[in-house]
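Notes to accompany the following structure.
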Amino acid sequence: MSTELAIEGRGVVRDRGRFRLGPVDLTLPRGQVMGLVGPNGSGKTTLIKAILGMTALDAGTLSVLGTAPERAKGSVCAVLDAKFLVPGWSVAQAVRAIRPFYPNWDQNYAESLLARFTLDPDAKVKELSHGEGNKLALVLALAPLPELAVLDEPTSGLDPLTREEVMQVIRDYMARRDSSVLFSTHIPADLGGIADQLVVVRAGRVVYSGHMDALTEVFFAVRGTNDDLLPLRDRLIGARSTTTNFEAIVRAVDSGGLPSSVLVEEASIDDVVKALAVPVTEGIAR
Amino acid sequence: MSSHLALRRTHTPAPLAGWSRFVMLDLHSLLPFVKTIVITFAVMILLGVTTAPTLQIAQTIVALGVIMAVPLNLFAADEQAGLELLYQILPIRKRTRVVGRYATVLLTTLAAVVVGTGSTLIEAAVTNVPSGGLLVGVGTLIAAALIVQAVQLPLYFALGYQRARLLNFALLAVAALLIILAIKQISPAGVAEIPQAVVLGGSVLVAVTCYALSAWLSYSWYRRREF
């Protein structure tokens, strides 16, 4: 497998009984950011666990930085959407505990991030707010200067200001390093201006995978009255209707010949992700 | 921020082997429990120094309890703080984690034995009780502790803290009972006749054999666990 790829997955399947992920194909070139979007239970975390070598595959192949996920761990760091630090540790103790595992650990960078996030090294992990906990996790994930950073919901539950602070650190990191990032989020707007690739998952399957820039060229947002909805249902994706109106997206190739009563405009990331990722009324979505 | 200076490293330490890095992590995760462990030890030493030798059995049991508390606290921290997740993110293999955890337990046990032996010598000096047979006592205690740990560690690796702890307490009770019965059966004159080198050698042999088998069993079970 090519080492020019940070992640390369082919036919990845993980069967957990009640939930099956895949088959999923995934390609993240080195130096790029991939946004992974999908609702809860769609398979994002399972996919991330597979990439981190935390779970075995039932089928398919997965390569991380040109090798098996378990072998790539020294060059891959992660922020996971779960607690993984001893509550009684101080921030400084957490840093001291993790640091020896990474030969490339940049202590000056770690300290600058702690200062930037105004995290007190003497503060106990259990005393940190949710946002501060996420910030500490991000410091621990970026200070080893990983070739691939896997960030699972790093902005989940954060207020807009803290979210922007975290996003700015990730942007800065990408600017100073030729690293790759897999960024899983519930908030499509987070991906604007940072993600090169977008993967949308729903019910364990990839429903969209492509370049972010192409997203708004491939899809248009459409709005109209419900009178127009039924005749168009085979062309619309993720249609959501109120008592009188609907909104949906449509592939650019399917947008020709729409009635003049239907408003066609440029789709936002939010429009596209919402339409692709969130299940809607049966018979309308496709 | 001045406290950031506390984090600054002025030199690059030599890289540690994987298992020793894991030992360091384990010792870090024990930090919040240090106060409890030290207090228990202090009570044990105080009991020994301020009472007659009649409390030796109780002291032994307390010592065993302290020794068993270390693995208990380590596996408790794994589950309660979500450290299993951390271990899976960090570049350490499951085999290294098992070896590292055994090394931590062994290290803390030996530290406990050193402190316990020191306290016994102090006790002997304060109470004017002869400390003859100390080596035999220490050897027996190490062997007992390691055999207990060799049984309890695979349970923790296989089942995790929550599910293994009841079994662990049952094991502690059985171990305490066996030790009391064994001590009652030992004739002081007979013990004095056993060459101390034999006791020590036997203890080391038993400990190494039990630990090796136990670590192999732990890895076999632990590598199949998914979190």
Within segment A:54-65, restricting attention to residues that are among the hydroxyl-bearing types (S, T, Y) and over 19 Å from A:S180 (Cα atoms), which residue is surrounded by the fewest Cβ atoms within 10 Å (Cβ to Cβ)?
A:T61
Tell me yes or no: at least one residue of segment A:66-76 is under 30 Å from A:E127 (Cα atoms), modelled with pLDDT of 90 or more and surrounded by 24 or more Cβ atoms within 10 Å (Cβ to Cβ).
yes
For segment B:205-225, indicate whether the set of residues that are within 14 Å of another protein chain (Cβ to nearest Cβ), modelled with pLDDT under 85 and surrounded by 12 or more Cβ atoms within 10 Å (Cβ to Cβ) is non-empty.
yes
Within segment B:85-108, track down each residue that is within 11 Å of chain A (Cβ to nearest Cβ), touching a Lys or Arg at 6+ places or on another chain (Cβ under 9 Å) and in a helix (DSSP H, G or I).
B:L85, B:Y87, B:Q88, B:I89, B:K94, B:T96
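Conditions (1) surrounded by fewer than 21 Cβ atoms within 10 Å (Cβ to Cβ); (2) in contact with a His (Cβ under 9 Å, 6 or more places away or on another chain); (3) at pLDDT 85 or above; (4) of a type in the set (V, I, T), marked per residue:
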site: B:S20; (1), (2), (3), (4): yes, no, yes, no
site: B:P32; (1), (2), (3), (4): yes, no, no, no
site: B:L46; (1), (2), (3), (4): yes, no, no, no
site: B:A69; (1), (2), (3), (4): yes, no, no, no
site: B:F75; (1), (2), (3), (4): no, no, yes, no
site: B:I89; (1), (2), (3), (4): no, no, yes, yes
What about A:A97, is it within 12 Å of another protein chain (Cβ to nearest Cβ), of a type outside the set (D, E) and assigned to a strand (DSSP E or B)?
no
I'm checking my understanding of the structure. Among residues of segment A:120-138 that are under 25 Å from the mean Cα position of the chain (by Cα) and either of a type in the set (D, E) or within 11 Å of chain B (Cβ to nearest Cβ) (or both), which one is surrounded by the most Cβ atoms within 10 Å (Cβ to Cβ)?
A:A137
Taking segment A:77-93 and keeping residues more than 8 Å from chain B (Cβ to nearest Cβ) and buried (at least 23 other Cβ atoms within 10 Å of the Cβ) leaves A:V79, A:V91
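The values are calculated or read from the model by the stated rules, or taken from the named source; none is laboratory data. The model shown is predicted, which means the values in this text are computed figures rather than measured ones. FYI the Cβ positions are ideal-geometry reconstructions off the backbone, even for glycines, and counts take in every protein chain you see.
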